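Asks: Just passing along the structure, written as structure tokens.
The values are calculated or read from the model by the stated rules, or taken from the named source; none is laboratory data. Given the structure is predicted, the values throughout are model-derived calculations rather than measurements. In this analysis, Cβ positions are derived from the backbone assuming ideal geometry, glycine residues included, and neighbour counts consider all displayed protein chains. All accessible areas refer to the heavy atoms of the entire protein, side chains included, with ligands and DNA or RNA removed. Shrake-Rupley method; radii C 1.70, N 1.55, O 1.52, S 1.80 Å.
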Amino acid sequence: MSAVRPPRALAGLLVWRLKGAGTRHIPCPFLHLCRAANDRLITFQYFNFLKRMYVTQHNRDLSQRAKPKSDPVVSPFHELQQLDREKKVIHRISPLSPAHQPWPEASGRNELREVKSPAETEATAARAEPREDRQWKEMKLRLDELPGILARLSKIKLTALVVSTASAGFAMAPVPFDLPCFLLASLGTGLASCAANSINQFFEVPFDSNMNRTKNRPLVRGQISPLLAVCFAASCGVPGIALLTLGVNPLTGALGAFNIFLYTCCYTPMKRMSIANTWVGAVVGAIPPVMGWTAATGSLDAGALLLGGILYSWQFPHFNALSWGLREDYSRGGYCMMSVTHPGLCRRVALRHCLALIGLSAAAPVLDITTWTFPIISLPINLYISYLGFRFYRDADRSSSRKLFFCSLWHLPMLLLVMFTCKKSALEKEDKGDLLGKGESHGRAMEIRLP
């Protein structure tokens with residue numbers, strides 16, 4: 001059977017006449033073969049045929065020739081680096097020694113050291129320093145460094161603040177000033193504070209080592225042994241409580257012992273368990289002015305509670321603003337603080353207690369501790385710390401927390417100083433009591449005279 005060819009196949013058979021006269025004289029025969037007349041057509045099949053014929057006839061050597069491997073291109077930067085290395089390595093040629101003289105070992109070492117380039121010596125020194133730092137070193141305790149180490153172990157600045165608040169409570173008491181009692185109370189309070197702070201550092205060594213703020217403490221760095229720290233705490237705590245109990249009064253001694261227990265056995269472990277540690281710590285900070293009041297009066301009355309309330313409320317803006325900038329440190333150390341776990345509550349509590357200071361200042365003349373000038377004079381500084389507390393509550397950034405913290409540092413001593421200047425003296429209270437007594441007696445006499 002004869003198959004009918006499609007017109008597409010017939011189109012592939014179309015050819016055109018090539019000029020055979022000049023094919024050998026054209027340098028590129030392939031281009032000559034592709035040249036056709038304007039009125040002729042060229043098909044794709046014929047184009048492939050011409051290409052194969054050109055490759056097989058005129059370039060047979062290309063089908064079997066392997067392409068040579070090109071040399072790697074060298075980067076100019078690599079050449080410059082090699083030149084710099086060759087310049088750095090400077091070899092010093094030493095004079096030849098006689099054959100009968102042995103080569104001295106010390107001179108050979110010195111020359112080898114001289115051959116080393118400065119860059120190599122710097123690199124070896126940089127490597128040696130971290131290795132020396134990583135090596136365990138025995139810390140030797142020197143006697144001239146012991147006072148400074150013990151001062152940092154007892155947190156001497158915090159102890160000074162505790163003693164100053166206890167002194168303020170003693171000075172605010174409505175009794176005549178007794179210097180020996182004041183000195184015994186201040187010394188006993190300071191010793192009790194040193195003991196509590198030392199025990200606190202003893203318990204928190206593994207956690208303080210993870211914080212940038214506390215990693216340089218003596219026990220963390222190994223400048224003092226834990227046994228010596230415990231002995232120092234005992235040598236401060238026992239005489240301190242004995243002084244407060246026997247030299248002042250048993251109530252003040254009991255408050256001092258209770259404060260040591262509250263700080264070391266309640267506040268310290270609660271820092272890793274609950275945010276309630278902030279409220280417990282505020283109670284610890286509120287007890288020293290109460291101790292000063294009881295040391296002067298021997299009783300626990302409304303004036304002592306008011307001073308304790310002022311110190312209690314002041315600690316929240318002070319500590320919450322401080323802990324806000326140390327959130328990374330506290331979270332790294334494993335401490336459960338409001339600023340880390342409850343940031344909104346941290347800001348609200350700071351603002352509330354800033355406003356509470358205004359109310360507590362207004363309560364002082366009501367309780368007959370100060371005159372009415374005290375709430376008026378203290379109002380500007382209380383309003384200013386309340387304004388900063390509101391800024392901290394609204395913005396919640398590092399700048400507002402730092403401003404509130406630094407304001408709290410001067411706010412407390414200024415408030416206590418204004419309170420002391422506006423204090424009601426014992427004579428005024430006696431005169432007021434006498435007037436009240438005379439009024440009551442006169443009223444009774446009038447009642448008797450009446451039929």
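Asks: In segment 397-408, how many are among the small types (Gly, Ala, Ser), touching a residue at least 24 places away in the same chain (Cβ under 8 Å) and open to solvent by 40 Å² or more (accessible area, probe 1.4 Å)?
Replies: Adding up the residues that qualify gives 0.
Asks: Out of THR268, THR245, report the one residue that is among the hydroxyl-bearing types (Ser, Thr, Tyr) and open to solvent by less than 40 Å² (accessible area, probe 1.4 Å).
Replies: From the options THR268, THR245, the qualifying one is THR268.
Asks: Just one of SER323, SER378, SER386 is among the polar types (S, T, N, Q) and within 27 Å of LYS215 (Cβ to Cβ); which is it?
Replies: SER323
Asks: Considering each of ALA276, ALA257 in turn, give the residue that is under 37 Å from the mean Cα position of the chain (by Cα) and loosely packed, with under 15 Cβ neighbours inside 10 Å.
Replies: ALA276
Asks: Okay, moving on. Which residues, taken from segment 279-308, are among the charged types (D, E, K, R) and crowded, with 21+ Cβ neighbours inside 10 Å?
Replies: Hits for segment 279-308: nothing passes.
Asks: Something else: Restricting to segment 336-351, give me the number of residues that are within 14 Å of the chain's Cα centre (by Cα) and surrounded by 23 or more Cβ atoms within 10 Å (Cβ to Cβ).
Replies: 2
Asks: When segment 159-180 is examined, which residues are found to be surrounded by 15 or more Cβ atoms within 10 Å (Cβ to Cβ) and either without any contact (Cβ under 8 Å) to a residue 40 or more places away in the chain or farther than 24 Å from VAL418 by Cα (or both)?
Replies: Hits for segment 159-180 are THR159, LEU161.
Asks: While we're here: Within segment 409-423, identify whether any single residue is touching a Leu at 6+ places or on another chain (Cβ under 8 Å), in a helix (DSSP H, G or I), open to solvent by 60 Å² or more (accessible area, probe 1.4 Å) and at negative phi, and answer yes or no.
Replies: Checking segment 409-423: not a single residue is touching a Leu at 6+ places or on another chain (Cβ under 8 Å), in a helix (DSSP H, G or I), open to solvent by 60 Å² or more (accessible area, probe 1.4 Å) and at negative phi.
Asks: Give the residue that is nearest to the chain's Cα centre (by Cα), with candidates limited to residues of segment 279-305 that are among the β-branched types (Val, Ile, Thr) and under 20 Å from VAL238 (Cβ atoms).
Replies: VAL284
Asks: Pairs needed: first member in segment 316-333, farther than 13 Å from ARG347 by Cα; second member anywhere, β-branched (Val, Ile, Thr) and at pLDDT below 90; C-beta distance under 9 Å; at least 6 residues apart or different chains.
Replies: ASP329/THR214; GLY333/THR214
Asks: Also, quick follow-up: Quick check, is ILE149 more than 24 Å from GLY285 (Cβ to Cβ), of a type in the set (A, V, I, L, M) and surrounded by 18 or more Cβ atoms within 10 Å (Cβ to Cβ)?
Replies: Answer is yes for this residue.
Asks: If you don't mind, another one. Condition check: buried (at least 22 other Cβ atoms within 10 Å of the Cβ), over 18 Å from CYS194 (Cβ atoms) and not acidic (Asp, Glu). Does PRO250 satisfy that?
Replies: Criteria not met by PRO250.
Asks: Need the failing condition index for VAL366 against (1) surrounded by 20 or more Cβ atoms within 10 Å (Cβ to Cβ); (2) more than 19 Å from ALA168 (Cα to Cα); (3) of a type outside the set (Lys, Arg), just the number.
Replies: Answer for VAL366: the failing condition is (1).
Asks: Only residues that are under 34 Å from the mean Cα position of the chain (by Cα) and over 30 Å from SER331 (Cβ atoms): list them for segment 226-239, please.
Replies: LEU227, LEU228, CYS231, PHE232, ALA234, SER235, CYS236, GLY237 - these are the residues of segment 226-239 that are under 34 Å from the mean Cα position of the chain (by Cα) and over 30 Å from SER331 (Cβ atoms).
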